[in-house]
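Q: This is the structure I have questions about; it appears just below.
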Amino acid sequence: MRTILFLIEKEFKQIFRNKGMLPIIFIMPLIQLIILANSATYDIKNLNIYFVDKDMSSLSLILRNKFTAVEYFKIAGFSQSQVEAEKFLDNGKADLYIEIPANFERNLYKNQLQSMPKLLIVLNAINGSQAGLGLNYANAIIGDFNSTLISNKILQSNVAIPIQTNTININYSNWYNPELNYYTFMVPGILVILVTMIATFLSGMNIVREKEIGTIDQINVTPIHKYQFLIGKLTPLWILGMFELAFGLAASLLIYDIPFVGSLFVLFTFTAIYLLACLGLGLLISSSSENQQQAMFISWFIMMIFILLGGLFTAIETMPTWVQFITFLNPVRYFIEVIRLVMLKGSGFADIKFHFIIISIFAIILNLLAVIRYKKTS
Amino acid sequence: MNRALAFVLKEFHHILRDRRSLIILFGMPLVQILLFGFAITNEIKDAKIAILDYSRDNSTRLMIDRLQASGYFYVVNYIDNKSQIEAAFRKGEIKLAVIFGNDFESRLLSSNGADIQIIADASDPNTASTLINYVSSIFNKFILEKNLKLTSPPIIKTEFRMRYNEELKGVFLFVPGLITIILMLVSAMMTSISITKEKEAGTMELMLVSPMKPWLMIFSKLIPYLLLSFLNAIIILILGKFVFHVPLLGSLSLLLMECILFIFCALSLGILISSITDSQQTALMLSLVGLMLPSILLSGFLFPIENMPLWLQYTSKVIPATWFLIIIKAIMLKGSGIEIIWKETLIIIGLTILFAIISIKKFKMRLE
């Protein structure tokens with residue numbers, strides 16, 4: 001026990017002696033929270049829309065005005081030429097254009113099924129999700145326009161008993177984030193990335209650094225056991241990781257107005273186990289690498305995959321089924337789910353017991369592998 | 001000349017000796033592009049939903065079938081009271097719940113209409129709005145088809161075209177982005193590390209006292225990395241073209257020339273970093289925080305720049321990757337020529353010269 005305490009003390013001294021550490025501990029979380037939360041947004045507000053209005057009727061004007069009224073769209077311009085619209089799309093001045101066909105108004109009121117006018121929506125789809133959302137918004141506005149038309153027609157027809165049609169009233173509610181605030185969605189996930197990066201990178205660089213400097217040989221010739229050595233390495237980083245979450249959480253609650261519905265205790269208990277898994281992974285990387293550069297590359301590579309397949313930027317539901325299966329092997333995925341469940345929905349231990357079980361299995365396996373892989377002889 | 005060649009060879013030996021880094025360097029883009037080419041789609045598939053059906057009549061059954069048949073949704077449970085919805089959300093079992101009101105079928109034809117309530121888990125706001133949109137459009141279409149048998153209301157139909165990327169493949173965005181990141185990673189990060197490594201190991205001093213001109217020495221250090229990153233970019237291009245059918249509409253030679261220009265820009269950044277740092281770790285941290293993160297986050301690779309707050313939009317303008325991404329996307333996906341992207345090209349040239357001048361000023365011939 002005393003040996004472990006000495007080792008821990010040594011690690012702490014080494015960590016804080018490094019002048020680069022303080023900025024990493026305090027500034028990196030802030031940078032991530034501020035830059036990542038603001039840049040990583042699909043919260044689409046200003047889609048530039050262009051109109052090819054070949055009708056120029058009062059009805060087409062009403063339709064165009066419907067688009068001006070919502071905050072998602074910004075009118076980039078309008079004309080009667082499709083060539084002009086294509087140019088706007090080509091040089092990026094417009095994200096989408098809508099073509100209103102000639103005789104739009106007249107055909108609409110002819111009221112015949114075969115002559116119903118068709119609007120053409122053309123979107124720049126290089127960024128597919130942006131295009132998809134833009135199309136959704138546009139369709140919603142046109143659908144709205146349609147239903148006003150229908151009710152107007154019933155009024156116009158001036159019949160005492162309106163035509164009997166099937167009607168449904170769809171109303172919807174957005175739970176847990178009624179204002180669809182994007183920060184509420186992003187920031188908890190960013191905290192996960194923060195904790196994961198700190199734990200994995202620091203532990204990943206740790207042992208290999210001693211290898212590079214040569215101090216590992218000095219430790220290897222002492223009677224310290226493998227497990228003592230690893231516990232001594234892990235504990236300070238574990239404490240650092242927990243501190244990092246607390247700091248990041250406090251900062252994000254201060255900067256962004258994010259609800260915290262659940263219990264801090266549940267979140268920190270989960271983090272405690274999760275950090276063990278991350279540190280185990282880092283140690284595994286560290287003991288399998290020959291130098292810091294390699295360790296860095298491997299951690300970077302693994303991080304990138306974990307983050308992109310973690311459900312932070314792209315929802316897991318949108319991935320193909322076989323990729324969804326791969327994500328079950330990704331610890332980041334579980335933590336992102338848990339932090340959102342706990343922070344936004346107030347889930348308790350009983351709700352997320354499977355997450356706890358799975359992450360514990362991760363922690364045990366990764367640390368076992370790290371212990372086996374670490375050899376005291378070179 | 002011979003001397004410079006010897007230096008280039010030495011550098012190649014350094015790189016080739018470290019097999020593992022080399023494998024990662026080439027393996028990383030391969031795995032990434034294969035994984036994300038397949039993984040990042042924007043189509044919702046099998047989103048888990050729950051149904052609360054107070055009517056259980058013919059119409060609601062048909063409508064639920066429609067939802068299932070669309071492929072977007074997968075009904076995980078049929079529940080019988082509202083409190084179960086909350087529980088399912090809290091366990092993260094469902095993304096959305098649909099509630100059909102009482103006497104659905106009989107109220108369909110009444111003047112008030114039948115009620116449907118959709119409850120979405122909006123902790124992911126975009127997925128929530130997309131799902132709600134899908135459900136309502138499936139239901140609306142169902143009702144419209146029913147109504148068409150009764151009357152013909154004036155309806156505007158819409159048709160859409162996804163320009164430049166018809167199948168909404170994420171890989172179209174990913175290939176240009178990945179090329180940018182890899183060029184940045186290999187050129188800037190690797191150079192800065194390899195120069196600081198020589199500083200750390202003390203071999204820099206040995207080279208400085210040699211009769212080699214310092215600029216020639218630096219230059220010969222750059223050549224292997226230039227080749228490496230160029231090779232990497234070509235591999236990604238080939239993969240994108242043949243595995244994912246990412247088009248290359250513009251001219252290949254223009255694209256390759258722009259790549260080389262961007263590599264030079266990244267290399268000058270790498271030298272700049274190595275001239276202001278002494279240790280590998282600091283160089284790593286600086287390249288990660290100062291180069292990689294901005295290149296990934298602020299360049300428009302993953303997130304559209306126009307959605308960012310204004311101050312970040314301005315920041316993105318000084319990042320070379322932003323301009324390079326515009327160029328490479330324009331050439332590959334829109335088939336643009338130099339007449340459209342000359343401005344962006346000039347900006348990158350300008351930035352390169354600027355970084356080169358600063359690093360020459362900062363580069364010290366002597367160690368402490």
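Q: Only one residue in B:316, B:299 is within 14 Å of chain A (Cβ to nearest Cβ), polar (S, T, N, Q) and assigned to a loop (DSSP other than H, G, I, E, B), so which one is that?
A: Answer to the selection: B:299.
Q: Taking the condition within 11 Å of chain B (Cβ to nearest Cβ) and either of a type in the set (A, V, I, L, M, F, W, C) or out of contact with any helix residue (DSSP H, G or I) (no Cβ under 7 Å at 6 or more places or on another chain) (or both), does residue A:332 pass?
A: Considered against the rule, which asks whether it is within 11 Å of chain B (Cβ to nearest Cβ) and either of a type in the set (A, V, I, L, M, F, W, C) or out of contact with any helix residue (DSSP H, G or I) (no Cβ under 7 Å at 6 or more places or on another chain) (or both), residue A:332 comes out as no.
Q: Could I ask something else about it? Looking at (1) touching a residue at least 12 places away in the same chain (Cβ under 8 Å); (2) under 17 Å from residue A:141 (Cα atoms); (3) not hydrophobic (A, V, I, L, M, F, W, C), which one does residue A:68 not meet, given that it meets all the others?
A: So residue A:68 meets the others, but not (1).
Q: Which ones in the range B:284-296 are among the aliphatic types (A, V, I, L, M) and more than 10 Å from chain A (Cβ to nearest Cβ)?
A: Across the range B:284-296, the qualifying residue is only B:291.
Q: Could we say that residue A:38 is under 30 Å from residue A:311 (Cα atoms) and assigned to a strand (DSSP E or B) here?
A: So residue A:38 fails the test.
Q: Another question, then. Among the numbered criteria (1) at pLDDT 85 or above; (2) more than 30 Å from residue B:140 (Cβ to Cβ), which single criterion is violated by residue B:75?
A: Here residue B:75 clears every test but (2).
Q: Follow-up question, since we're still on this one. Is there a residue in the range B:239-253 that is at pLDDT 90 or above, in contact with a Ser or Thr (Cβ under 8 Å, 6 or more places away or on another chain) and assigned by TED's automatic domain parsing to the domain that holds residue B:291?
A: No.
Q: Is there any pair linking a residue in the range A:286-298 that is closer than 13 Å to residue A:202 by Cα and within 7 Å of another protein chain (Cβ to nearest Cβ) to one that is of a type in the set (Asp, Glu) and not in a loop (DSSP other than H, G, I, E, B), with Cβ under 9 Å and at least six apart or on different chains, and which?
A: Close Cβ pairs satisfying both conditions: A:292/A:212.
Q: Another one. If you go through the range A:345-361 one residue at a time, do you hit one that is modelled with pLDDT of 90 or more, within 13 Å of another protein chain (Cβ to nearest Cβ) and surrounded by 21 or more Cβ atoms within 10 Å (Cβ to Cβ)?
A: yes
Q: Something else: Go through the range A:301-326 and give me each residue that's under 26 Å from residue A:188 (Cβ atoms), surrounded by fewer than 21 Cβ atoms within 10 Å (Cβ to Cβ), more than 7 Å from chain B (Cβ to nearest Cβ) and aromatic (Phe, Trp, Tyr).
A: Answer for the range A:301-326, where residues must be under 26 Å from residue A:188 (Cβ atoms), surrounded by fewer than 21 Cβ atoms within 10 Å (Cβ to Cβ), more than 7 Å from chain B (Cβ to nearest Cβ) and aromatic (Phe, Trp, Tyr): just A:325.
Yes or no, residue by residue, for (1) exposed (fewer than 14 other Cβ atoms within 10 Å of the Cβ); (2) without any contact (Cβ under 8 Å) to a residue 12 or more places away in the chain; (3) closer than 25 Å to residue B:345 by Cα:
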| position | (1), (2), (3) |
| --- | --- |
| B:179 | no, no, yes |
| B:184 | no, no, yes |
| B:190 | no, no, yes |
| B:201 | yes, yes, no |
| B:222 | no, no, yes |
| B:238 | yes, yes, yes |
| B:244 | no, no, no |
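Table: residues versus (1) modelled with pLDDT of 75 or more; (2) more than 24 Å from residue A:59 (Cα to Cα); (3) crowded, with 18+ Cβ neighbours inside 10 Å.
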residue	(1), (2), (3)
A:132	yes, yes, yes
A:138	yes, no, yes
A:142	yes, no, yes
A:151	no, no, no
A:155	no, no, no
A:160	no, yes, no
A:173	yes, yes, no
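Q: Turning to a different aspect of this structure: Would you confirm whether any residue within the range B:16-36 is assigned to a strand (DSSP E or B) and under 30 Å from residue A:315 (Cα atoms)?
A: no
Condition check ((1) hydrophobic (A, V, I, L, M, F, W, C); (2) at pLDDT 85 or above; (3) outside the structural domain of residue B:274 (by TED's automatic domain parsing)) across all residues:
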position	(1), (2), (3)
B:309	no, no, no
B:312	yes, yes, no
B:350	no, yes, no
B:355	yes, yes, no
B:358	yes, yes, no
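Q: Please verify whether the range A:41-59 includes one or more residues that are out of contact with any Gly (no Cβ under 9 Å at 6 or more places or on another chain) and free of Cβ contacts under 8 Å to residues at least 12 places away in the same chain.
A: No, because not a single residue in the range A:41-59 is out of contact with any Gly (no Cβ under 9 Å at 6 or more places or on another chain) and free of Cβ contacts under 8 Å to residues at least 12 places away in the same chain.
Q: Would the range A:60-74 turn up any residue that is hydroxyl-bearing (Ser, Thr, Tyr), under 27 Å from the mean Cα position of the chain (by Cα), assigned to a loop (DSSP other than H, G, I, E, B) and within 12 Å of another protein chain (Cβ to nearest Cβ)?
A: Within the range A:60-74 (the criterion being hydroxyl-bearing (Ser, Thr, Tyr), under 27 Å from the mean Cα position of the chain (by Cα), assigned to a loop (DSSP other than H, G, I, E, B) and within 12 Å of another protein chain (Cβ to nearest Cβ)), the answer is yes, since at least one residue qualifies.
Q: From the residues in the range A:90-102 that are part of a loop (DSSP other than H, G, I, E, B) and at pLDDT below 85, which one is nearest to residue A:55 (Cα to Cα)?
A: The qualifying residue nearest to residue A:55 (Cα to Cα) is A:93.
Q: Quickly run through the range B:302-311 and pick out the residues that are buried (at least 20 other Cβ atoms within 10 Å of the Cβ) and part of a helix (DSSP H, G or I).
A: Within the range B:302-311, just B:307 meets the criteria.
Q: Would you say residue B:266 is at pLDDT 85 or above, more than 22 Å from residue B:358 (Cα to Cα), assigned to a helix (DSSP H, G or I) and assigned by TED's automatic domain parsing to the domain that holds residue B:188?
A: The answer is no for residue B:266.
Q: Can you find, within the range A:162-171, the residue that is surrounded by the fewest Cβ atoms within 10 Å (Cβ to Cβ) among those that are at pLDDT below 70 and at the interface with another protein chain (Cβ under 7 Å from one of its Cβ atoms)?
A: It comes out as A:164.
Q: For residue A:290, all conditions in the list (1) within 30 Å of residue B:15 (Cα to Cα); (2) in a helix (DSSP H, G or I); (3) touching a helix residue (DSSP H, G or I) at 6+ places or on another chain (Cβ under 8 Å) hold save one; what is the number of the exception?
A: It is condition (2) that residue A:290 fails.
Q: For the range B:47-164, please list each of the helices (runs of 4 or more DSSP H) lying entirely inside it that holds at least 3 residues being surrounded by 18 or more Cβ atoms within 10 Å (Cβ to Cβ) and within 7 Å of chain A (Cβ to nearest Cβ).
A: B:125-148
Q: Mind checking whether some residue in the range A:335-342 is more than 7 Å from every other protein chain (Cβ to nearest Cβ), more than 18 Å from residue A:261 (Cα to Cα) and crowded, with 16+ Cβ neighbours inside 10 Å?
A: Within the range A:335-342, none of the residues are more than 7 Å from every other protein chain (Cβ to nearest Cβ), more than 18 Å from residue A:261 (Cα to Cα) and crowded, with 16+ Cβ neighbours inside 10 Å.
Q: Could I ask something else about it? If I filter the range A:1-30 down to residues being among the polar types (S, T, N, Q) and more than 12 Å from chain B (Cβ to nearest Cβ), which single residue comes out as farthest from residue A:228 (Cα to Cα)?
A: A:14
Q: Right, here's the next one. Take residue A:241 and decide whether it is closer than 19 Å to residue A:274 by Cα, under 25 Å from the mean Cα position of the chain (by Cα), away from chain B (no Cβ under 11 Å) and not β-branched (Val, Ile, Thr).
A: yes
Q: Here's something else I'd like to know. For the range B:324-341, check the following and say yes or no: at least one residue is without any contact (Cβ under 8 Å) to a residue 40 or more places away in the chain and within 17 Å of the chain's Cα centre (by Cα).
A: Yes, because at least one residue in the range B:324-341 is without any contact (Cβ under 8 Å) to a residue 40 or more places away in the chain and within 17 Å of the chain's Cα centre (by Cα).
The values are calculated or read from the model by the stated rules, or taken from the named source; none is laboratory data. Everything quoted here is computed from the prediction, not taken from an experiment. With ideal geometry, Cβ positions are generated from the backbone for all residues, glycine too; neighbour counts draw on all protein chains shown.
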